[in-house]
Amino acid sequence: MRRSSLTLGLGGLALLLAGASLRPAAASESPRTELLQRQVSLAPLRLDDVAARPVEALGHSERTARRVGAYLVADGALATPPVRLTVTREVPALWRQRRDPARVAPDGPLRLQLSSAAGFDALQNNEDPAARLPVRVRPAPLRVIARDERGETVEGGVVLEFDLATVKAGGHYSGDLHLDFEEP
Amino acid sequence: MRMSMRALSRACGLALAATVAGLTVSTPASAGDVKVDIDLTNGVTILYYHSTLTVSLNAASLIAPTTGCTGSNPYECADTPSAAPNSTNYGANVVATYAAPATPTNGSINPAAVPLVLQNVWALRALGGSSSQTTVRVDVGTGATLNNGSSSIAITGVDIGTTVGTLTFAANRSAIVADPGLGTPLNGFVALQLNLSNALALGTYSNANPQYTITVTGT
């Protein structure tokens, strides 16, 4: 009896590990965690994401012309003010989870991984496959949307930080965000 | 002995349950994929420019003879006179009329069409839009005549670009550049063709109206 109990316990553990590693179940198939969106189209990049105005006067410049070949050349520095090269988009409600408050669980997915054909942590340009848009992704703050004596329901999302420093191609960029959850 | 075994059994059972529960907490139990996309198609363009410029012109820089002269400023340009002309008596004076000394022009700039390149007077950040290129245009402004009392300097043509090559002057000129992105601005020049024929006095030549206008389109 004791031996049987031990065998069943190990068998249950082995089955659970195999299920998690060989065929990750979609979160929406779980009764406890569900994805609220399968596709997220983020707000397009706008001027006010990076700068205040499209034309910026830099004030006065004093120069002295010098002879360079057949021309007179008045050279000088042009100091352009910086712009915001990291643009943030938040998806506040991407998944929902029913939790037992008696159990300690992490505040969000165990793992967030964004990838595309352009590699990890980057979106790929649909029109120009060689162009990539670097992205960092992190969990958005968790929100409790319902609570009762049996537990609470929380919603979470992600924050995507796009690095525009090296991007020169406009167009549509896309990729896949993979989320792993602990099932409470 | 039996009692002891049961106790051991309970202990093992508790240990197993604890172990299983601990492993369950650390194992991802569900996963999902979300398609993510964003458009960089609206076009973001930022133009930087110097709103006012003061350029000092040294007249000596317009004249840089390469032959027949010594010195720098002033230049000393000796000319061998032609054969001595016959002298003519004008009353009590004897006048020998020579041909005027030759004025070396090699290397000097035509003062009626002085090309003045204003380097790094505009810069551009551009990403997205209807194409991957941006058009930068310059027009002669409404203040194309710079005045200094009765003297003046006229701007008779303009040109624009990012790298100075062969200049072509006209009332307006355009340059098409590849979008540089937003990270590193692309700097450019504006060239003015100056007519100094009526610049007869030293001093400051100015006009309150703009001498040129830069326009960016295409994104």
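The values are calculated or read from the model by the stated rules, or taken from the named source; none is laboratory data. Note that the coordinates shown come from a computational prediction; the quantities given were computed from them, not determined experimentally. Using ideal geometry, Cβ is built from the backbone for each residue, glycine included, and neighbour counts are taken over all protein chains shown.
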**Fill in**
Filter the range B:173-183 for residues that are away from chain A (no Cβ under 14 Å) and among the hydrophobic types (A, V, I, L, M, F, W, C); the one that is surrounded by the fewest Cβ atoms within 10 Å (Cβ to Cβ) is B:I176
**Prompt:** Name the residues in the range B:184-219 that are under 30 Å from A:L164 (Cβ atoms) and crowded, with 16+ Cβ neighbours inside 10 Å, would you?
**Reply:** B:P185, B:L186, B:N187, B:G188, B:F189, B:V190, B:I214, B:V216, B:G218, B:T219
**Fill in**
With criteria (1) closer than 30 Å to A:P81 by Cβ; (2) within 9 Å of another protein chain (Cβ to nearest Cβ), B:L194 comes up short on (1)
**Request:** Scan A:D180, A:D163 and give me the residue that is at pLDDT below 90 and within 13 Å of another protein chain (Cβ to nearest Cβ).
**Result:** A:D180
**Prompt:** Are there any pairs with C-beta distances below 8 angstrom linking a residue in the range A:61-86 that is more than 7 Å from every other protein chain (Cβ to nearest Cβ) to a residue that is of a type in the set (F, W, Y), with the two at least 6 apart or on different chains, and if so which?
**Reply:** A:P81/B:Y48; A:T86/A:F162
**Message:** From the list B:G165, B:G143, exactly one residue is outside any strand (DSSP E or B), surrounded by fewer than 18 Cβ atoms within 10 Å (Cβ to Cβ) and at pLDDT 95 or above. Which is it?
**Reply:** B:G143
**Request:** Would you mind telling me which numbered condition in (1) hydroxyl-bearing (S, T, Y); (2) in contact (Cβ under 8 Å) with a residue 60 or more places away in the chain; (3) part of a loop (DSSP other than H, G, I, E, B) A:S115 fails?
**Result:** (3)
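Conditions tested, residue by residue: (1) β-branched (V, I, T); (2) surrounded by fewer than 13 Cβ atoms within 10 Å (Cβ to Cβ); (3) not in a strand (DSSP E or B).
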| site | (1), (2), (3) |
| --- | --- |
| A:V83 | yes, no, yes |
| A:R89 | no, no, no |
| A:W95 | no, no, no |
| A:A130 | no, yes, yes |
**Request:** Could you grab the pairs with beta carbons closer than 9 Å, sequence gap of 6+ or different chains, first residue in the range A:153-176 and buried (at least 16 other Cβ atoms within 10 Å of the Cβ), second one basic (K, R) and outside any strand (DSSP E or B)?
**Result:** A:L164/A:R84
